[in-house]
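Working notes for the structure below.
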Amino acid sequence: MKCLVTGAAGFIGSSITDRLLGMGCEVVGVDCFTDYYDTSIKRANISGAMKSSGFTMVEADLNEVDIPPLLDGVDWVFHEAAQAGVRMSWGSYFDTYVRHNILATQRLLEAAKGSQIKRLVYASSSSVYGDTPELPLVETARPDPISPYGVSKLAAEHLCHLYFVNFGVPTVSLRYFTVYGPRQRPDMGFNKFIAAGLTGGEIAIFGDGEQTRDFTFISDAVTANISAAQSDGAVGRVFNIGGGSRISVNEVMNILRGLLGELNLRHEDAQKGDVRDTMSETTAARTVLGYAPKVGVPEGLAREVEWMRSLGVSR
Ligand SMILES: NC(=O)c1ccc[n+]([C@@H]2O[C@H](COP(=O)([O-])OP(=O)(O)OC[C@H]3O[C@@H](n4cnc5c(N)ncnc54)[C@H](O)[C@@H]3O)[C@@H](O)[C@H]2O)c1
């Protein structure tokens, strides 16, 4: 199999890339190394892949690069490139979200229209749901994002679907519920909590800490991507990809205390655009993709702590 991974130097894209190379696939990675976080982290993410003869890195922006040649001979596309992060998506920075999340996806889909690809798996997000009192979240619930980021991810998801309906581009959208583990982005909660725990810094808890999330370990998210590419029944559909358990921020702190010792907590007001609770209903993914998340939060957090220790993060 030949694959194109967009956002290949990012947290999830690099993890998919490594799995594909391990499966013996040929992989073309494209990434423009946005400065949303330190690009040396992204270089480290793909340093292993760069040693593989099966990997080609194209350093380019999907908004500018000639995409059809990148799709030449490609069977599977994993579209992970995006401007991530909810909190920065307000105000004048929104144009960055439009550019990297919506316009880039539309350019990719236009190119895919005339190609021979067998699957395009799009990285959507649980943030398309917004704040709904009805949990667990089912794919058929009306999406109602409460952040500009969620709006941009939903717009791109709709684009994927309409290129499937109108032009037969074989798209699948995976709505990830907070992914974590080794290589997690430095702006994400667990990474910040662990870094602070390891260095003795303060951990900011927004709101009362009773907000809950469905956390998905990275290897489970990667497996879901491979299954979405392989499964015939997946085309044209949307699937929730969650970790299968819902846990509050306060419970996460208790697990971290067990791993790192006493923590230095600081409470702040809840943030606009942050949803209160997420919990995925994953029956569709389980049935069609054979999805069965394997790593729970206590083990997953221990593995993220181990990874951050291996980077030399310490007091
Ligand atoms: N991490 C999560 O918990 C989570 C949850 C839901 C959805 N997602 C989605 O999963 C995908 C991957 O997220 P991540 O956490 O790995 O983020 P990330 O920021 O680590 O990776 C995204 C990569 O895309 C690249 N990129 C951005 N715009 C580009 C463009 N126009 N052309 C080429 N490269 C571009 C960036 O440089 C970056 O390396 C994103 O689409 C994100 O919206 C992530």
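Just one of the numbered conditions (1) assigned to a strand (DSSP E or B); (2) over 20 Å from Tyr180 (Cβ atoms); (3) within 12 Å of the ligand (Cβ to nearest atom) is not true of Val28; which one? Of (1) assigned to a strand (DSSP E or B); (2) over 20 Å from Tyr180 (Cβ atoms); (3) within 12 Å of the ligand (Cβ to nearest atom), only one is false for Val28: (3).
Among Arg185, Arg175, which is under 30 Å from Gly261 (Cβ atoms), within 12 Å of the ligand (Cβ to nearest atom) and not hydrophobic (A, V, I, L, M, F, W, C)? I'd like the intermediate steps shown before the answer.
Numbers: Arg175 fails: under 30 Å from Gly261 (Cβ atoms).
Just one listed residue meets the conditions, Arg185.
Can you tell me which residues in region 64-86 are in a loop (DSSP other than H, G, I, E, B), surrounded by 14 or more Cβ atoms within 10 Å (Cβ to Cβ), over 19 Å from the mean Cα position of the chain (by Cα) and within 15 Å of the ligand (Cβ to nearest atom)? Break it down into steps so the answer makes sense when it comes.
Filtering region 64-86 for residues in a loop (DSSP other than H, G, I, E, B) gives 64-66, 71-75, 80-86.
The next check asks that each one be surrounded by 14 or more Cβ atoms within 10 Å (Cβ to Cβ); those that pass are 65, 71, 74-75, 80-86.
Next, from what is left, pick out any that are over 19 Å from the mean Cα position of the chain (by Cα): 65, 71, 74-75.
Val65, Leu71 - these are the residues of region 64-86 that are in a loop (DSSP other than H, G, I, E, B), surrounded by 14 or more Cβ atoms within 10 Å (Cβ to Cβ), over 19 Å from the mean Cα position of the chain (by Cα) and within 15 Å of the ligand (Cβ to nearest atom).
In region 158-168, is there at least one residue being outside any loop (DSSP other than H, G, I, E, B), at pLDDT 95 or above and near the ligand (Cβ under 8 Å from one of its atoms)? The answer is no, given that none of the residues of region 158-168 is outside any loop (DSSP other than H, G, I, E, B), at pLDDT 95 or above and near the ligand (Cβ under 8 Å from one of its atoms). Ser89 meets each of the listed conditions (1) within 13 Å of the ligand (Cβ to nearest atom); (2) touching a Lys or Arg at 6+ places or on another chain (Cβ under 6 Å) apart from (2).
Determine if region 169-178 includes at least one residue that is touching a strand residue (DSSP E or B) at 6+ places or on another chain (Cβ under 8 Å), in contact (Cβ under 8 Å) with a residue 12 or more places away in the chain, more than 19 Å from Gly13 (Cβ to Cβ) and surrounded by fewer than 24 Cβ atoms within 10 Å (Cβ to Cβ). Give the steps one after another, and end with the answer.
Quick first cut of region 169-178, residues touching a strand residue (DSSP E or B) at 6+ places or on another chain (Cβ under 8 Å) only: 169-178.
Subset that is in contact (Cβ under 8 Å) with a residue 12 or more places away in the chain: 169-178.
Narrowing the set further to residues that are more than 19 Å from Gly13 (Cβ to Cβ) leaves 169-170.
Next, only the ones that are surrounded by fewer than 24 Cβ atoms within 10 Å (Cβ to Cβ) stay: 170.
Checking region 169-178: at least one residue is touching a strand residue (DSSP E or B) at 6+ places or on another chain (Cβ under 8 Å), in contact (Cβ under 8 Å) with a residue 12 or more places away in the chain, more than 19 Å from Gly13 (Cβ to Cβ) and surrounded by fewer than 24 Cβ atoms within 10 Å (Cβ to Cβ).
Among the residues of region 179-208, those that are surrounded by 15 or more Cβ atoms within 10 Å (Cβ to Cβ) and at positive phi comprise Gly181, Arg183. Please go through region 255-275 and give me each residue that is at negative phi and surrounded by 14 or more Cβ atoms within 10 Å (Cβ to Cβ), ordered by number. Ile255, Leu256, Leu259, Leu260, Leu263, Leu265, Asp274, Val275 - these are the residues of region 255-275 that are at negative phi and surrounded by 14 or more Cβ atoms within 10 Å (Cβ to Cβ).
Just to be sure I understand, how many residues within region 215-228 are among the small types (Gly, Ala, Ser) and surrounded by 23 or more Cβ atoms within 10 Å (Cβ to Cβ)?
Taking region 215-228 first, the residues among the small types (Gly, Ala, Ser) are 219, 221, 224, 227-228.
Then drop every residue that is not surrounded by 23 or more Cβ atoms within 10 Å (Cβ to Cβ), which leaves 221, 224, 228.
Matching residues across region 215-228 total 3.
Confirm whether Ser89 is within 17 Å of Leu20 (Cα to Cα) and in contact with a helix residue (DSSP H, G or I) (Cβ under 8 Å, 6 or more places away or on another chain). The answer is no for Ser89.
The values are calculated or read from the model by the stated rules, or taken from the named source; none is laboratory data. These numbers come from a predicted model, not from an experiment. Cβ coordinates were reconstructed from backbone atoms using ideal geometry, including for glycine residues, and neighbour counts include every protein chain displayed.
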